[in-house]
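Read the structure below first, then the notes.
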Amino acid sequence: MFSKGLVKAKIVLVALLVLATGCRHKNEPQLPIVVVDKPTKEDVQIFGEYVGRIRAASFVEVHARVEGYLEKMLFEEGKRVKQGEPLFIINSAPYKARVEKAKAQLKKDQAQAAKARRDVERLTPLYEQHAASQLDLDNALAALENAEANIAISKADLDNAQLELGYTVVTSPLSGYISERFVDVGALVGPGVNSKLAAVVKSDTVLVDFKMTALDYLRAERRNVKFGEQDTTRSWQPTVSVTLADNSEYPVKGIVDFADPLVDPQTGTFGVRAELSNPNQKLLPGQFTRVKLLLDVRERAIVVPRKALSIEKGGAFIYVIRKDDVAEKRFVQTGPEIGNKIVVERGLGENERVVIEGYHKLVPGVKVHPIDAGDQEAIQKLREEEEQ
């Protein structure tokens with residue numbers, strides 16, 4: 001009887017212990033579960049975006065420099081031409097005649113000069129022997145000088161006539177692509193008539209003009225970025241990328257080679273120019289494009305996900321979990337935002353644990369149950385429980 005009573009007492013005691021333990025677990029507060037991750041250190045590229053316009057590196061109009069009827073066109077419109085390649089032929093007959101006339105006049109003047117030289121050579125010894133007067137010798141010397149002057153004039157006339165004859169063959173001033181012709185064969189062309197014949201565009205290299213804000217320029221200057229100057233001591237350069245007509249990014253980057261030293265007082269902007277290689281003619285002169293300019297690179301900057309940051313009246317803050325798993329509200333100074341990340345300039349160490357999910361459950365000083373961002377299985381389970 002005594003043993004049976006003892007057994008019953010033990011059973012009752014165990015039941016009371018289990019009940020008490022269950023009540024205690026129910027009364028214990030459940031810790032907030034948050035997802036934490038450490039900040040990363042990245043080289044953050046900071047860009048400015050502008051509207052630009054593409055133009056050819058060189059655009060030269062081809063003009064007729066002498067007057068005459070256009071006889072031939074030696075190129076195919078829209079095709080590539082080389083520097084010095086003949087493009088147009090102007091009727092050269094009048095200019096050939098002028099060359100021949102100038103040659104004849106030069107030959108005549110040279111003959112006159114030869115005769116005057118012989119006269120001086122003959123009269124000089126006679127004058128020394130008092131067989132000729134001073135007047136005779138002076139006249140002979142003057143005739144020689146006049147003849148030599150006429151030779152100089154005739155040579156200049158011949159050079160000019162030959163130059164004008166050369167202008168009857170109109171050549172390309174540079175290598176590039178030629179436009180359509182502006183006049184037809186048979187038309188009278190020349191200065192004051194129809195001098196503009198075509199245009200040649202060098203578009204293997206293009207220039208992109210855009211307006212930059214004075215504020216962006218000032219920020220770049222503070223980082224010792226000088227637009228239009230190459231700094232070999234820096235690991236990066238202020239490169240430019242542009243978009244094509246379909247808004248895709250052109251694969252070749254350019255370099256800023258000029259920045260206007262004057263700011264437009266009406267817009268607060270100043271002109272900037274970049275040069276890009278264009279071997280396949282994908283960038284067309286005259287088209288508008290979106291310009292993306294690399295303004296700065298923050299090397300090894302502390303970066304956190306944008307969703308970890310909250311804003312209130314006192315500023316931007318994040319929750320940091322201490323070693324004892326207690327949440328700390330930390331006000332930070334933020335920098336540029338890149339995609340879904342943001343740079344933290346001040347207030348956060350690289351080895352601290354930052355709450356990236358679940359911070360809405362927190363108040364400063366509360367103890368939490370942190371889950372590492374790399375533990376995807378635990379995070380998925382947490383999300384499923386929250387949905388239920």
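Could you check the stretch 188-199 and list, in sequence order, the residues that are out of contact with any Phe, Trp or Tyr (no Cβ under 7 Å at 6 or more places or on another chain) and at pLDDT 90 or above?
V189, G190, P191, S195, listed by residue number.
Given S248, S241, which one is at pLDDT 80 or above, closer than 30 Å to R80 by Cα, surrounded by 12 or more Cβ atoms within 10 Å (Cβ to Cβ) and of a type outside the set (V, I, T)?
Of the residues listed, the single one that is at pLDDT 80 or above, closer than 30 Å to R80 by Cα, surrounded by 12 or more Cβ atoms within 10 Å (Cβ to Cβ) and of a type outside the set (V, I, T) is S241.
Could you grab me the full set of residues in the stretch 330-376 that are surrounded by fewer than 16 Cβ atoms within 10 Å (Cβ to Cβ) and among the basic types (K, R)?
Of everything in the stretch 330-376, those that are surrounded by fewer than 16 Cβ atoms within 10 Å (Cβ to Cβ) and among the basic types (K, R) turn out to be R346, K361, K367.
Just checking, how many residues over the stretch 168-210 are over 29 Å from R55 (Cβ atoms) and not in a loop (DSSP other than H, G, I, E, B)?
2
Per-residue answers, yes or no, for (1) closer than 22 Å to T213 by Cα; (2) in a strand (DSSP E or B):
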residue	(1), (2)
V240	yes, yes
Q266	yes, no
L283	no, no
G286	no, no
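Residue by residue, here is whether (1) of a type outside the set (A, V, I, L, M, F, W, C); (2) closer than 26 Å to F59 by Cα; (3) crowded, with 20+ Cβ neighbours inside 10 Å holds:
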{"site": "R273", "(1), (2), (3)": "yes, yes, no"}
{"site": "N280", "(1), (2), (3)": "yes, yes, no"}
{"site": "L284", "(1), (2), (3)": "no, yes, no"}
{"site": "V291", "(1), (2), (3)": "no, yes, yes"}
{"site": "E299", "(1), (2), (3)": "yes, no, no"}
{"site": "A308", "(1), (2), (3)": "no, no, yes"}
{"site": "E312", "(1), (2), (3)": "yes, no, no"}
{"site": "Y319", "(1), (2), (3)": "yes, no, yes"}
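Name the single residue, out of those in the stretch 51-93 being out of contact with any helix residue (DSSP H, G or I) (no Cβ under 7 Å at 6 or more places or on another chain) and hydroxyl-bearing (S, T, Y), that is surrounded by the most Cβ atoms within 10 Å (Cβ to Cβ).
The extreme case among them is S58.
Could you please give the count of residues in the stretch 184-199 that are surrounded by 18 or more Cβ atoms within 10 Å (Cβ to Cβ) and either in contact with a Leu (Cβ under 6 Å, 6 or more places away or on another chain) or closer than 30 Å to L295 by Cβ (or both)?
Adding up the residues that qualify gives 1.
Suppose the filter is of a type in the set (D, E), touching a residue at least 40 places away in the same chain (Cβ under 8 Å) and not in a helix (DSSP H, G or I); does E164 pass it?
On the way: of a type in the set (D, E): yes; touching a residue at least 40 places away in the same chain (Cβ under 8 Å): yes; not in a helix (DSSP H, G or I): no.
So E164 fails the test.
Can you name the residue in the stretch 13-64 that is more than 19 Å from K341 (Cβ to Cβ) and among the acidic types (D, E) and is also modelled with the lowest pLDDT among such residues?
E28
Counting only residues that are part of a loop (DSSP other than H, G, I, E, B) and out of contact with any Gly (no Cβ under 6 Å at 6 or more places or on another chain), which one in the stretch 254-264 is surrounded by the most Cβ atoms within 10 Å (Cβ to Cβ)?
In the first step, residues of the stretch 254-264 are kept if they are part of a loop (DSSP other than H, G, I, E, B); the result is 260-263.
The next check asks that each one be out of contact with any Gly (no Cβ under 6 Å at 6 or more places or on another chain); those that pass are 261-263.
Details: P261: 8, L262: 7, V263: 15.
Restricting to residues being part of a loop (DSSP other than H, G, I, E, B) and out of contact with any Gly (no Cβ under 6 Å at 6 or more places or on another chain), the top hit is V263.
Does at least one position in the stretch 292-299 carry a residue that is modelled with pLDDT of 90 or more and not in a helix (DSSP H, G or I)?
If we filter the stretch 292-299 for residues that are modelled with pLDDT of 90 or more, which is where we start, we get 292.
Still in the list and also not in a helix (DSSP H, G or I): 292.
Among the residues of the stretch 292-299, at least one is modelled with pLDDT of 90 or more and not in a helix (DSSP H, G or I), which makes the answer yes.
So, S133, is that one of a type in the set (S, T, Y) and surrounded by 15 or more Cβ atoms within 10 Å (Cβ to Cβ) or not? Reasoning before the result, please.
Numbers: of a type in the set (S, T, Y): yes; surrounded by 15 or more Cβ atoms within 10 Å (Cβ to Cβ): no.
Taking the combined requirement at face value, the residue does not satisfy it.
List every residue pair whose Cβ atoms lie under 7 Å apart, where the two residues are 6 or more positions apart in sequence or sit on different chains, the first residue falls within the stretch 120-138 and is within 21 Å of E148 (Cα to Cα), and the second residue, located anywhere, is β-branched (V, I, T).
Within 7 Å, the pairs are L137/T124.
Give the residues of the stretch 300-334 that are assigned to a loop (DSSP other than H, G, I, E, B) and either in contact with a Ser or Thr (Cβ under 9 Å, 6 or more places away or on another chain) or at positive phi (or both), sorted by residue number.
Just the residues of the stretch 300-334 that are assigned to a loop (DSSP other than H, G, I, E, B), to begin with: 309, 313-314, 322-325, 332.
Those that are assigned to a loop (DSSP other than H, G, I, E, B) and either in contact with a Ser or Thr (Cβ under 9 Å, 6 or more places away or on another chain) or at positive phi (or both): L309, D325.
The values are calculated or read from the model by the stated rules, or taken from the named source; none is laboratory data. Quick caveat, the model's predicted, so the values are computed rather than measured. Cβ sites come from the backbone with ideal geometry, for glycine too, and all protein chains shown count toward neighbours.
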